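This report refers to the structure that appears directly beneath it.
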Ligand code: HEM
């Protein structure tokens with residue numbers, strides 16, 4: 001594997017030589033200049049969304065500030081965002097903050113770079129195409145129905161309502177869906193409960209680790225939280241290794257591979273084939289074997305247990321928290337807008353005559369609900385910012401960004417920009433008309449990122465979003481507990497700081 005830092009170092013030396021040449025003038029974009037940049041960093045950590053919003057208001061579409069010793073460019077124009085994520089994507093790598101997640105997810109799709117990332121992405125991508133992901137629709141609806149049943153049992157007899165923390169409930173629901181989708185339904189409910197527990201500890205602990213300056217120290221201190229984190233990681237690792245081992249043996253034992261290869265068109269992974277595996281892990285093993293047997297890459301070796309573990313852990317973590325937050329914010333927004341809620345219920349009634357179960361074929365029929373989910377991703381994008389580190393000089397907005405600089409883009413800020421969205425802070429699902437969508441800059445709305453690193457799980461997120469909202473809202477009326485404080489907490493994802501206490505009433 002090529003060390004991606006070597007070209008960056010060369011580019012940086014070249015840049016230094018340019019800047020020291022006589023007569024060279026280098027201008028930085030406007031931005032706050034502090035004698036003690038660490039104070040600004042602390043301000044940023046405390047309230048990143050407020051700081052980013054102030055930066056755009058005061059300094060416009062491109063600004064510069066220092067985070068400790070790190071120079072950061074904040075860009076807030078769709079053209080600049082497109083430049084970073086697409087046009088000049090080869091001149092950027094993931095930002096140092098995200099690279100920290102390697103401690104948990106290793107070198108999986110989210111964190112790997114260069115040629116290795118390209119190979120892994122093209123290997124795994126077919127498993128995430130809509131046609132393949134659609135076969136998990138039934139698992140998703142079943143998990144939604146199980147939750148409804150659990151809520152029904154929680155409601156005291158004779159009463160029709162109870163209070164739940166919807167954020168907590170959505171997190172458990174999406175962890176259980178991703179573990180079913182990844183490993184199949186033969187994982188016991190006890191094991192799923194253990195996974196939920198350990199994943200929650202990993203995500204919670206990571207939010208401390210990402211704190212600059214002290215993150216590294218925290219990890220080394222013999223704190224109870226560090227011990228819990230290491231124990232959870234060990235447990236999850238050994239569970240994942242055991243599941244991978246078993247899946248490998250099952251595939252070999254059942255000789256499924258030869259069946260599937262016989263029936264597969266050469267370049268197409270046919271999802272509907274009756275022999276195709278019903279979980280993502282087996283699909284991944286199959287694709288890996290197929291790459292070596294019938295693909296162009298006959299020289300490559302099978303993915304090692306560590307590589308498989310890293311990809312699985314990545315899908316696990318990338319695949320549940322974002323979706324849980326998206327569902328939570330959508331339910332919150334609906335609870336605040338009775339007309340929107342009434343329209344959704346009407347649509348559910350029309351599409352699912354006689355209250356039948358929603359299927360994957362119904363998804364395109366929920367046009368209004370789709371707009372509701374889109375509008376929720378605009379106002380509360382679960383991935384609220386994306387960062388990159390420049391590996392080469394890049395010119396943007398008339399400024400030269402040197403290698404080693406970090407560039408950040410924020411979905412939360414751009415999605416609320418009045419230049420692209422009228423009444424930007426209002427929840428108006430009706431705004432997403434076909435004309436509006438065709439006139440909108442591709443990078444004025446980018447909840448799933450863009451370019452070669454665009455979210456691979458987007459099809460799964462949409463199927464989950466629509467089917468779960470239909471299942472939950474069709475059975476329950478969901479209202480915010482009066483006085484419950486709804487406060488944003490922009491950690492790895494955009495969460496509600498105090499959870500989302502809601503009253504659920506049977507419909
Ligand atoms: C509403 C739900 C989701 C949102 C808002 C979301 C958002 C994002 C964003 C913004 C990125 C790009 C990050 C960057 O460029 O640095 C990303 C990457 C990724 N997401 Fe998602 N995601 C969601 C659901 C999922 C699901 C369900 C999965 C899989 C099960 C998933 C798997 C991934 C993976 C593997 C990547 C890395 C892709 C690569 O770099 O090649 N995501 N996601």
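Determine whether the range 318-338 contains at least one residue that is surrounded by fewer than 18 Cβ atoms within 10 Å (Cβ to Cβ), within 18 Å of residue 430 (Cα to Cα) and free of Cβ contacts under 8 Å to residues at least 60 places away in the same chain.
Yes: one or more hits.
Of all the helices (runs of 4 or more DSSP H) wholly in the range 247-344, which have at least 1 residues that are under 30 Å from residue 200 (Cβ atoms) and at pLDDT 90 or above?
280-293, 305-318, 321-335
Residues that are over 22 Å from residue 78 (Cβ atoms) and under 20 Å from the mean Cα position of the chain (by Cα): find the helices (runs of 4 or more DSSP H) completely inside the range 410-502 holding 2 or more of those.
Those helices (runs of 4 or more DSSP H) span 458-475.
Please work out if residue 421 is within 16 Å of the ligand (Cβ to nearest atom) and closer than 16 Å to residue 380 by Cβ.
Against the criterion (within 16 Å of the ligand (Cβ to nearest atom) and closer than 16 Å to residue 380 by Cβ), residue 421 does not qualify.
Among (1) at pLDDT 95 or above; (2) assigned to a helix (DSSP H, G or I); (3) within 13 Å of the ligand (Cβ to nearest atom), there is one condition residue 109 misses while meeting the rest; what is its number?
Among (1) at pLDDT 95 or above; (2) assigned to a helix (DSSP H, G or I); (3) within 13 Å of the ligand (Cβ to nearest atom), the lone unmet condition for residue 109 is (2).
Only one residue in 480, 469, 488 is within 16 Å of the ligand (Cβ to nearest atom), within 15 Å of residue 333 (Cα to Cα) and surrounded by fewer than 20 Cβ atoms within 10 Å (Cβ to Cβ). Which one?
Criteria check complete, one pass: 488.
Restricting to the range 309-353, what's the tally of residues that are within 14 Å of the ligand (Cβ to nearest atom) and under 30 Å from residue 103 (Cα atoms)?
Residues in the range 309-353 being within 14 Å of the ligand (Cβ to nearest atom) and under 30 Å from residue 103 (Cα atoms): 20 in total.
Given 420, 368, 412, which one is over 30 Å from residue 116 (Cβ atoms), touching a strand residue (DSSP E or B) at 6+ places or on another chain (Cβ under 8 Å) and either exposed (fewer than 15 other Cβ atoms within 10 Å of the Cβ) or in contact (Cβ under 8 Å) with a residue 24 or more places away in the chain (or both)?
Selected residue: 412, the only one of 420, 368, 412 that is over 30 Å from residue 116 (Cβ atoms), touching a strand residue (DSSP E or B) at 6+ places or on another chain (Cβ under 8 Å) and either exposed (fewer than 15 other Cβ atoms within 10 Å of the Cβ) or in contact (Cβ under 8 Å) with a residue 24 or more places away in the chain (or both).
Among the residues in the range 395-407, are any surrounded by fewer than 16 Cβ atoms within 10 Å (Cβ to Cβ) and in a helix (DSSP H, G or I)?
No, because not a single residue in the range 395-407 is surrounded by fewer than 16 Cβ atoms within 10 Å (Cβ to Cβ) and in a helix (DSSP H, G or I).
I'd like the full set of residues that are farther than 30 Å from residue 488 by Cβ and away from the ligand (no atom under 16 Å from the Cβ), limited to the range 156-185.
156, 157, 158, 159, 160, 185
Hey, residue 141 hits all of (1) closer than 25 Å to residue 230 by Cα; (2) within 21 Å of the chain's Cα centre (by Cα); (3) crowded, with 18+ Cβ neighbours inside 10 Å but one; which does it fall short on?
(1)
Given 375, 361, which one is surrounded by fewer than 19 Cβ atoms within 10 Å (Cβ to Cβ) and part of a helix (DSSP H, G or I)?
361
For the range 107-137: of the residues being more than 18 Å from the chain's Cα centre (by Cα), in contact (Cβ under 8 Å) with a residue 12 or more places away in the chain and closer than 18 Å to residue 459 by Cα, which is surrounded by the most Cβ atoms within 10 Å (Cβ to Cβ)?
The qualifying residue surrounded by the most Cβ atoms within 10 Å (Cβ to Cβ) is 136.
Find the residue count for the range 445-461, including only residues that are under 18 Å from residue 374 (Cβ atoms) and either surrounded by fewer than 17 Cβ atoms within 10 Å (Cβ to Cβ) or more than 8 Å from the ligand (Cβ to nearest atom) (or both).
Residues meeting the conditions: 4.
The values are calculated or read from the model by the stated rules, or taken from the named source; none is laboratory data. These figures come from a predicted structure and were not determined experimentally. In this analysis, Cβ positions are derived from the backbone assuming ideal geometry, glycine residues included, and neighbour counts consider all displayed protein chains.
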